[in-house]
1. Taking the Cβ of L328 as the centre, find all other residues whose Cβ is under 12 Å away and add up their charges (Lys, Arg: +1; Asp, Glu: -1).
2. When all protein chains stay in place, what accessible area (Å², nearest 10, 1.4 Å probe) is found for K407?
3. Once both labels are modelled 7 Å past Cα along the beta-carbon direction, what's the L15-V248 spacing in nm?
4. Please list 3J(HN,Hα) in residue order for the stretch 55-61, calculated via the Karplus relation 6.51 cos²θ - 1.76 cosθ + 1.60 where θ = phi - 60°; whole Hz, with x for glycine and proline.
5. At D35 and R421, where each label point lies 7 Å from the Cα along Cα→Cβ, what is the point-to-point distance in nanometres?
6. Quick check: residue separation of K255 and V24 times 0.36 nm, minus the Cα distance between them. What number comes out in nm?
7. Go ahead and run the numbers for FRET between A45 and E412, Cβ-Cβ distance against an R0 of 41 Å, rounding to 0.05.
8. Please turn the phi angles of the stretch 161-166 into ³J(HN,Hα) values with the Karplus equation 6.51 cos²θ - 1.76 cosθ + 1.60 (θ = phi - 60°), one per residue in order, whole Hz, x for glycine and proline.
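The values are calculated or read from the model by the stated rules, or taken from the named source; none is laboratory data. Since the model is a prediction, treat every value here as computed from it, not as a measurement. Quick reminder, even Gly has a Cβ in these numbers, built from the backbone with ideal geometry, and neighbours come from all protein chains shown. Side chains included, ligands, DNA and RNA excluded: accessible areas come from the protein's heavy atoms. Shrake-Rupley method; radii C 1.70, N 1.55, O 1.52, S 1.80 Å.
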Amino acid sequence: MAPAPAAKRDRTHYLYIAVIIAVVLGIGVGLLFPDFAKELKPLGAGFVNLIKMMISPIIFCTIVLGVGSVRKAAKVGKVGGLALGYFVAMSVVALAIGLVVGNILHPGSGMEITESEKGAGHTAAEEANKGLVDFALGVIPKTLVSAFTQGEVLQTLLVALLVGFALQAMGRSGEPVLRGIGHIQRLVFRVLGMIMWAAPVGAFGAMAAVVGETGTDALKALATIMIGFYVTCALFIVIVLGTLLRLVTGVNLFKLLKYLGREFLLILSTSSSESALPRLIAKMEHLGVSRPVVGITVPTGYSFNLDGTMIYLTMSSLFIAEAMDQPLGLGEQISLLLFMMIASKGAAGVSGSGIAVLASGLQSHKPGLVDGVGLIIGIDRFMSEARALTNFAGNAVATLLIGTWTKEVDRERVDEVLAGRLPFDEKTLLDDGASESESESGSADPDGVDAVPSQPAGSEKKSLTAS
């Protein structure tokens with residue numbers, strides 16, 4: 001009997017150590033050589049663009065495999081309905097928390113605004129002049145394939161749902177297509193794994209550029225709102241999300257955050273939650289949440305579940321109103337923030353998008369405050385990191401919650417993964433066992449409940465009904 005092959009060493013451990021070193025070096029270069037550091041910005045932008053290049057095909061494959069393998073369309077509708085209802089509820093909670101903290105801190109008191117800062121605010125407002133109708137029409141791509149070329153998450157989501165439902169209606173004749181898409185998904189994840197080796201370079205360039213552009217003066221002057229915002233986001237994650245996760249699923253929040261530690265590091269270094277979206281999809285499937293739930297909840301959450309953005313918009317609005325000596329009444333605060341909650345949908349993952357939403361909301365409700373947006377621009381990049389981290393944590397928690405409510409999560413597997421006994425395959429972003437089993441059988445689940453290639457090991461049909 002041949003001896004078992006030795007386990008391969010996880011070399012990606014060194015990759016993320018390199019990312020940490022790159023971030024520290026980037027900060028040092030930004031402080032010591034600010035002019036040179038500004039020229040390094042393309043390194044960070046290039047890496048984020050490489051990640052974004054992979055998002056549309058990953059979302060398409062995940063959703064098509066998830067929806068196409070479910071024989072009843074009502075199941076997909078139930079997941080989507082629960083997800084949207086939860087997203088709206090959590091957005092309101094995040095707005096309320098930001099409102100309370102902003103009214104307690106009064107962070108804008110004593111600030112002064114320059115003429116250049118006034119102009120910056122109006123420029124941002126003009127760039128964000130996009131109404132609700134335009135947003136709705138923007139979800140529809142010009143052609144079936146343009147959703148992939150334009151990189152729009154919601155357009156890709158729409159096309160993937162249509163294809164998934166079409167394969168669902170085809171029944172067994174659609175199974176060869178599902179298997180083919182499963183192979184494409186593994187190829188796409190392998191390419192993503194190759195791109196991740198450029199993360200240290202991207203992290204170095206992004207961090208050096210932002211520190212070189214911002215310097216320390218702006219950070220000192222605006223420390224109150226920055227610290228208040230970071231603390232508020234941390235409290236929201238630990239108290240609100242942590243309590244909800246424990247009560248509904250029994251999962252410890254800190255174990256989940258540890259499991260997603262590399263993704264948080266990636267977001268911190270690139271200031272974009274979109275850079276970790278493909279890895280979140282892969283990791284939540286590996287955790288034991290069924291593919292239909294992951295495929296619908298994660299991409300949708302990236303446009304509709306923006307807890308960090310809600311807190312940011314609330315505190316920034318109150319900060320600007322205080323700085324401009326034009327405090328908002330409670331009624332004005334609520335109406336402005338409800339408008340921003342709608343306007344912010346679709347803004348996730350794009351560094352700096354919060355500024356555009358903030359400016360457009362102020363312009364529509366109280367134009368006199370648009371001048372104050374320039375005060376925030378100097379530190380927006382640092383606040384963008386907290387927004388992205390909070391949004392990402394909110395979507396990870398939401399996926400587990402929706403999976404539990406729909407009985408589409410394997411709790412035994414969740415415990416095993418979070419305990420470290422079922423490690424995530426960093427090399428391919430897919431489970432080796434699943435890939436091997438599929439290559440041997442090449443067939444779908446005869447019952448059609450989870451007829452998906454490369455489903456995480458241990459997530460068989462019976463696990464999808466476990467509570």
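1. Summing Lys/Arg as +1 and Asp/Glu as -1 gives -2.
2. That residue has around 110 Å² of solvent-accessible surface.
3. Distance between the two pseudo-spin positions: 3.0 nm.
4. So the Karplus estimates, Gly and Pro as x, are 5, 4, x, 5, 4, 4, 4 Hz.
5. Reported label-point gap for D35 and R421 is 6.0 nm.
6. 80.6 nm
7. Once the sixth-power term is evaluated, E becomes 0.45.
8. 5, 4, 5, x, 5, 5
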